[in-house]
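Scroll down for the structure; my scribbles are underneath it.
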Amino acid sequence: MLTYAQYGENNKLINLEYKKDVKFIDKKVKEFKKKDKFLTFDIEAYTNEKKEFVPYACGFYDGRKKYLYYVTDFNSWEEMLVKFIRDMMDIKYNNYTAYAHNLGGFDIAFIFTILDKLYNISNLLSKVNSIISFKASYKKDNKTVCLRFADSYAILPSSLLHLGHSYQVKVKKSVFPYKFVNVNNLNYKGCLPDIKYFEESVDNIIVYDGFFKYYENKVWDLKKETLEYLSNDVISLYQILQKADNYYFSNYRLNITTYPTLPSISMGILRSNFLNKNILLPRCRGDLEYAVRNSFEEELKYLNP
């Protein structure tokens, strides 16, 4: 319903106001129990001659025990991943969330096809060219067993190395010669790989200097080092998520596993901790949402010509 019209010089219409019936955002009840039901996982891969990533190691951590897999212990990398996925999909992890850092940008490429073939996929949440979270489930003894896969980068948008330092966790991400690994040297045992195989950075040069001194008279074992590096990654991510979860629950009674992204966590905090009968926020949908967004865009054009 049109409630007001404003005209300027030469009867030029400059403003219209409508009364719009809207619904308001509901208050959300605070969570009563801390869940602590999540896993962390990671996949390591090398680049083949076709510039394709080929997984050769993987693993996950449940807060108590780590499970590590290396391709030479299997007939193929596909067999390795199937074992890895089946172990995570065990009934003891029913209703857990399995986090990988940058799931949508890397790990998903290796596991989604297998999961889709072996299990039922649902609740898929995605953005442009990336999957944020989804659920995989199956029936066992008339009971539905479900594991939610999620990208921890969506709630902690920074590198694992920086997050480890920021949250001051005990186990931090290390460095590794990614460029050294190939299909022909998966059982390599010998000298420490040259620094050219490590990512270039001042920090890596300092760390490499320490590695060089340590391995000067020792054998560097690719399988052992890969699994140790992988172990550090999944444990570090678990400790980071645990600290983040503790913070949100102690301050706002909110479990991070309930929310897929940082903006959704912010909205959860607003709805559960700050909304009340005196603070109402309208839900913007359809033409109202378009009008609000368009007004912001027009204002930005004016401020940044």
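All of the numbers you see were taken from the coordinates with simple rules; none came from a lab. Since the model is a prediction, treat every value here as computed from it, not as a measurement. When we count neighbours, we look across all protein chains shown, and the Cβ atoms used for this are built from the backbone with ideal geometry, even at glycine.
Scale the Cα Rg of segment 135-230 by the rule-of-thumb value 2.2 N^0.38 Å and send over the ratio, two decimals. List each step's numbers first, then the result.
Details: Rg = 18.6 Å, N = 96, 2.2 N^0.38 = 12.5 Å.
The reported ratio for this selection is 1.49.
At a Förster distance of 51 Å, what's the computed FRET efficiency of LEU161 paired with GLU17, Cβ-Cβ distance as r, to 0.05?
Numbers: r = 52 Å, r/R0 = 1.02.
That pair, LEU161 with GLU17, gives E of 0.50.
Would you work out the charge dipole size for the chain about its Cα centre, treating the Cβ of every Lys and Arg as +1 and the Cβ of every Asp and Glu as -1, and quote it to the nearest 20 debye? Display every interim value, and only then the final one.
Details: 44 positive and 36 negative charges, 306 e Å.
Dipole about the Cα centre, nearest 20: 1480 debye.
Once the Cα atoms of helix 108-118 and of the chain are each reduced to a long axis, what angle between those two axes, in degrees from 0 to 90 to the nearest 10, is obtained?
Orientation of helix 108-118: about 90 degrees from the principal axis.
How much mean residue ellipticity at 222 nm does the chain get from its helices, if each DSSP H run of length 4 or more adds -39500 (n - 2.57) and you divide by all residues, to the nearest 500 deg cm²/dmol? Could the numbers behind the result be given before it?
On the way: 7 runs with 100 residues, N = 305.
Calculated at 222 nm, the ellipticity per residue is -10500 deg cm²/dmol.
Using +1 at the C-beta of Lys and Arg and -1 at the C-beta of Asp and Glu, which of TYR69, LEU280, ILE195 has the Cα lying farthest in the positive direction of the dipole of the chain?
Toward the positive end, the furthest listed residue is LEU280.
Give the range of the longest stretch in the chain that excludes all GluC sites (Glu not before Pro) found in loop regions by DSSP and having at most 15 other beta-carbon atoms within 10 Å.
Working: sites that count: GLU49, GLU52, GLU199, GLU200, GLU216.
Value returned for the longest uninterrupted segment is 53-198.
Quick query: amide H of LYS28 versus all other amide H atoms, modeled in the peptide plane; which residues come in under 5 Å with a sequence gap of 5 or more or a different chain?
Distant-sequence amide H within range of LYS28: SER272.
Work out the charge dipole of segment 27-133 with +1 on the Cβ of Lys and Arg and -1 on the Cβ of Asp and Glu about the Cα centre, then indicate which of LEU125, TYR46, PHE84 is farthest towards its positive end.
Towards the positive end, the residue furthest out is LEU125.
Using each residue's phi in segment 44-61, evaluate 6.51 cos²θ - 1.76 cosθ + 1.60 at θ = phi - 60° and report the 3J(HN,Hα) Karplus result to the nearest Hz, with x for Gly and Pro.
Residue by residue, segment 44-61 yields 9, 9, 10, 9, 8, 5, 8, 6, 9, 7, 10, x, 10, 7, 7, x, 8, 9 Hz.
If you average the sequence gap of Cα pairs under 8 Å that are 6 or more apart and divide by the length of the chain, what percent do you get for the contact order?
Working: 431 pairs, mean separation 64.6, N = 305.
Reported relative contact order: 21 percent.
Over segment 1-142, what is the relative contact order in whole percent, taking alpha-carbon pairs under 8 Å and six or more residues apart?
On the way: 161 pairs, mean separation 20.7, N = 142.
About 15 percent, as a whole number.
Express the relative contact order of segment 154-227 as a whole percentage, based on alpha carbon pairs under 8 Å and six or more residues apart in sequence.
On the way: 55 pairs, mean separation 23.0, N = 74.
Reported as a whole number, the value is 31 percent.
From the phi angles alone, apply the Karplus equation (6.51, -1.76, 1.60; θ = phi - 60°) to segment 245-251 and give each ³J(HN,Hα) in whole Hz, x where the residue is Gly or Pro.
Listing the rounded values in order: 5, 4, 4, 5, 6, 5, 8 Hz.
Which residues among segment 16-39 fall inside the zone where the amide N is under 17 Å from a point 7 Å beyond the Cα of LYS277, along Cα→Cβ?
Hits in segment 16-39 for LYS277 at 17 Å: 24-29.
If you add up the charges near ASN123, with Lys and Arg at +1 and Asp and Glu at -1, over every other residue whose beta carbon is less than 11 angstrom from its beta carbon, what do you get?
Numbers: positive: LYS135, ARG148; negative: none.
Combined, the nearby Lys, Arg, Asp and Glu give +2.
Take the alpha carbon gyration tensor of segment 1-146, find the square roots of its eigenvalues, order them as a ≥ b ≥ c, and report rounded if a/c is under 1.5; if not, report prolate when a/b exceeds b/c, else oblate.
prolate
What is the angle, in °, between the Cα long axis of helix 202-214 and the longest principal axis of the Cα atoms in the chain? Nearest 10 is fine, range 0 to 90.
It is inclined by approximately 20 degrees.
At a 10 Å Cβ-Cβ cut-off, how would you order ASP287, ASP141, fewest neighbours first?
Values: ASP287 10, ASP141 6.
Listed from fewest to most nearby Cβ atoms, that is ASP141, ASP287.
Looking at the chain, what % of the alpha carbon pairs are farther apart than 30 Å?
Details: 22114 of 46360 pairs.
Result for the distance tail: 48 percent.
What shape does segment 69-158 take by its C-alpha gyration tensor, where a ≥ b ≥ c are the square roots of the eigenvalues and a/c under 1.5 counts as rounded, a/b above b/c as prolate, and the rest as oblate?
Values: a/c = 1.79, a/b = 1.13, b/c = 1.59.
Oblate, because a/c is 1.5 or more while a/b does not exceed b/c.
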